[in-house]
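S.K.: If you scroll down you'll find the structure; I have some questions about it.
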Amino acid sequence: GSDVEVDPGVEVDEENAEDDLLGGLKIDTTEDIEVPDRLVDQVIGQDEARDIIIKAAKQRRHVMMIGSPGTGKSMLAKAMSQLLPQEDLQDVLVYHNPDDGNAPKVRTVPAGKGEQIIDAHKEEARKRNQMRSILMWIIIAIIVGYAILTASILLGILAAGIVWLIFRYTSRGTDAMVPNMIVDNGDQRTAPFEDATGAHAGALLGDVRHDPFQSGGMETPSHDRVEPGSIHKSNKGVLFVDEINTLDVRTQQKLMTAIQEGEFSITGQSERSSGAMVQTEPVPCDFVMIAAGNLDAMENMHPALRNRIKGYGYEVYMEDTIEDTPEMRRKYARFVAQEVERDGRLPHFTRDAVEELILEAKRRSGRKNHLTLHFRTLGGLVRVAGDIARSEDREFTTREDVLQAKGRSRSIEQQLADDYIERRKDYELQVAEGGVEGRVNGLAVMGEDSGIMLPVMAEIAPAQGQGQVIATGQLKEMAEESVQNVSAIIKKFSDVNLSEKDIHIQFVQAGQQGVDGDSASITVATAVISALEDIPVDQTVAMTGSLSVRGDVLPVGGVTHKIEAAAKAGCDTVIIPKANEQDVMIEDEYEEMVDIVPCSNISEVLDVALMGEPKKDSLVDRLKSITGSALDHGAVG
Ligand code: ADP
């Protein structure tokens with residue numbers, strides 16, 4: 001079968017595979033690794049998606065792929081086109097319709113035949129033109145001869161000119177005989193693959209060009225102005241559409257019709273163009289559709305289209321990470337070889353360069369014993385590192401090149417976050433010394449892979465009537481929710497009735513897009529308790545975590561990036577949820593800069609974050625006594 005594992009064709013040291021970063025692969029450089037020919041065998045991880053693609057190729061079913069960018073969706077779609085039979089391919093020709101110039105005819109012939117037909121038509125047209133010009137010159141010669149005989153030269157030249165014009169003008173009629181080949185599969189060695197991501201209607205569904213000389217006989221015949229869309233070019237092959245929800249609804253509807261009918265007429269897409277008057281006979285579009293997007297995209301796509309694909313095909317989720325095993329690491333080494341060969345200009349990687357890359361894949365996974373499957377960004381790192389080596393004329397890409405590349409290939413978010421931190425340093429918004437009441441260093445994630453420190457300030461004032469939570473911006477909802485949770489806890493140990501207070505929550509210099517608020521609820525809670533009890537918060541501490549009503553600290557995402565952000569900003573201590581302890585994979589350079597304190601209860605958080613011993617101790621003790629039950633409860637459940 002086609003789903004056998006392809007081994008990299010190199011010897012493996014099984015005994016030490018477990019400890020070796022390359023899974024025991026005995027290579028000096030990635031040059032020693034054999035890259036499989038078929039794209040489907042190059043796909044790493046995503047076993048479920050791969051199996052489905054292989055199955056769907058056999059059955060010609062549509063597939064919907066849901067998952068993060070750069071995990072192999074378009075790669076798998078392309079791989080599928082290599083699995084489809086090539087014998088079925090067709091050429092499509094559009095002919096002039098002598099009965100109705102605006103309704104060109106369409107003929108479908110086996111692949112390769114189209115070119116022969118065009119050649120035959122051209123040959124015929126050439127012969128016809130040749131005959132015509134011979135005829136023309138004979139007539140002109142007769143006229144000129146007669147003119148010389150009768151000595152009326154001027155009249156002769158005039159008559160010859162008219163004849164020449166007539167012939168030239170009517171010769172267009174013979175061009176109209178040559179059909180327009182809109183789909184040419186003559187040289188195609190696999191079934192076509194068309195990526196229609198972000199295509200406008202014309203590019204997707206076909207179009208008829210506008211003719212500026214529409215009247216007056218100078219026009220290009222309408223069949224010559226017909227242009228195929230991706231749906232036609234992918235006939236008998238694969239049509240891939242990522243971010244499917246970004247197609248406008250009308251286009252999605254038409255796409256659905258095309259899927260149902262298996263053929264779709266081409267007409268001009270812009271309403272006021274002369275192309276809009278033209279409509280061809282139906283053009284075949286018997287493609288397999290692979291629609292892709294993230295979860296959000298799926299929810300926003302046209303429901304009928306989604307049902308159509310679901311009902312007649314498969315839906316598959318792409319994985320973001322995969323378990324780190326020796327076998328997997330060997331595949332990651334092969335990934336480097338694949339990317340180097342695909343690029344064609346990069347020097348192969350040395351063994352320790354690959355090791356560094358695999359370490360990076362571990363780090364980027366954000367999970368213990370896992371490797372990231374976000375291969376596009378990993379491939380970017382391979383290319384930047386290879387480019388550095390190439391620019392220095394080295395035979396191989398080394399570990400130093402990879403390390404240097406890591407600095408250069410930071411994502412936009414990372415660059416933004418760094419820039420942001422730089423700027424904030426100027427305003428001295430970074431870590432202060434000592435303690436401040438009501439101010440806590442929260443941590444958030446920007447984009448996918450950048451941490452950022454986000455201080456929160458709480459202030460409490462007596463309310464005029466019913467107390468309320470006053471917060472601004474997109475984080476308002478989160479602020480309200482965490483205040484609600486913390487007020488349930490406060491009610492149990494304090495006389496203060498929070499519902500009679502106005503609580504102002506301010507996110508210092510937030511207003512940044514892409515900051516996730518969910519993980520800041522222990523930050524808000526700590527700030528509120530500090531303000532309420534007048535106990536200062538240690539400003540060298542930063543924290544992230546979500547808070548339950550019972551005072552439990554719940555896990556959040558992106559801890560590694562957050563810890564690094566705190567270290568960069570100059571914090572000494574970072575509080576994280578205990579449940580996230582195993583996700584921490586910070587780089588060595590930060591490890592010595594910060595202490596990481598895993599906490600499972602708000603009382604532990606306050607114990608670390610608050611200052612001023614006697615008051616703080618009594619508060620923490622009171623809290624422990626009331627949230628202790630919750631703790632016990634948590635330990636059992
Ligand atoms: P998506 O369509 O999910 O955004 P792509 O398929 O375009 O991602 O991936 C971009 C590139 O990353 C691919 O061309 C390939 O080089 C590499 N890549 C992505 N996923 C994988 C994978 N699972 N195995 C091997 N390489 C991959």
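S.K.: If a residue has to be assigned to a strand (DSSP E or B) and within 28 Å of residue 64 (Cα to Cα) to count, how many in the stretch 313-372 make the cut?
M.R.: Final tally of qualifying residues: 11.
S.K.: Looking only at residues that are touching a Lys or Arg at 6+ places or on another chain (Cβ under 8 Å) and within 30 Å of residue 292 (Cα to Cα) in the stretch 86-102, which one is nearest to the ligand (Cβ to nearest atom)?
M.R.: 86
S.K.: Please specify each residue of the stretch 278-323 satisfying the condition of being of a type in the set (A, V, I, L, M) and over 15 Å from the mean Cα position of the chain (by Cα).
M.R.: Within the stretch 278-323, 278, 283, 288, 289, 301, 304, 305, 309, 316, 322 meet the criteria.
S.K.: Suppose we filter 24, 72 for residues that are crowded, with 17+ Cβ neighbours inside 10 Å and either under 17 Å from residue 379 (Cα atoms) or within 10 Å of the ligand (Cβ to nearest atom) (or both); which single one remains?
M.R.: 72
S.K.: Filter the stretch 57-69 for residues that are within 16 Å of the ligand (Cβ to nearest atom) and not hydroxyl-bearing (Ser, Thr, Tyr); which is farthest from residue 291 (Cα to Cα)?
M.R.: Per the criteria, the residue is 69.
S.K.: If you don't mind, another one. If I filter the stretch 297-305 for residues that are crowded, with 23+ Cβ neighbours inside 10 Å and within 14 Å of the ligand (Cβ to nearest atom), do I get at least one hit?
M.R.: no
S.K.: Additional query: Kindly establish whether residue 400 is under 29 Å from residue 586 (Cβ atoms) and free of Cβ contacts under 8 Å to residues at least 60 places away in the same chain.
M.R.: Considered against the rule, which asks whether it is under 29 Å from residue 586 (Cβ atoms) and free of Cβ contacts under 8 Å to residues at least 60 places away in the same chain, residue 400 comes out as yes.
S.K.: For the stretch 537-570, which positions are crowded, with 24+ Cβ neighbours inside 10 Å and among the basic types (Lys, Arg)?
M.R.: 562 - this is the single residue of the stretch 537-570 that is crowded, with 24+ Cβ neighbours inside 10 Å and among the basic types (Lys, Arg).
S.K.: Would you mention how many residues in the stretch 27-52 are away from the ligand (no atom under 13 Å from the Cβ), surrounded by 15 or more Cβ atoms within 10 Å (Cβ to Cβ) and not polar (S, T, N, Q)?
M.R.: Qualifying residue count for the region: 5.
S.K.: Let me ask you something else. Residues that are basic (Lys, Arg) and free of Cβ contacts under 8 Å to residues at least 60 places away in the same chain: find the helices (runs of 4 or more DSSP H) completely inside the stretch 1-119 holding 1 or more of those.
M.R.: Fully inside the stretch 1-119 and qualifying: 47-59.
S.K.: In addition: Out of all the residues in the stretch 350-363, which are within 15 Å of the ligand (Cβ to nearest atom) and either under 19 Å from residue 36 (Cα atoms) or touching an Asp or Glu at 6+ places or on another chain (Cβ under 7 Å) (or both)?
M.R.: Correct list: 354 only.
Yes/no matrix, rows are residues, columns are (1) modelled with pLDDT of 90 or more; (2) acidic (Asp, Glu); (3) closer than 17 Å to residue 487 by Cα:
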| position | (1), (2), (3) |
| --- | --- |
| 520 | no, no, yes |
| 568 | no, no, no |
| 599 | yes, no, no |
| 606 | yes, no, yes |
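The values are calculated or read from the model by the stated rules, or taken from the named source; none is laboratory data. Here the structure is a predicted model, which means the values were calculated and not measured. Positions of Cβ are backbone-derived with ideal geometry, glycine not excepted, and every protein chain shown enters the neighbour counts.
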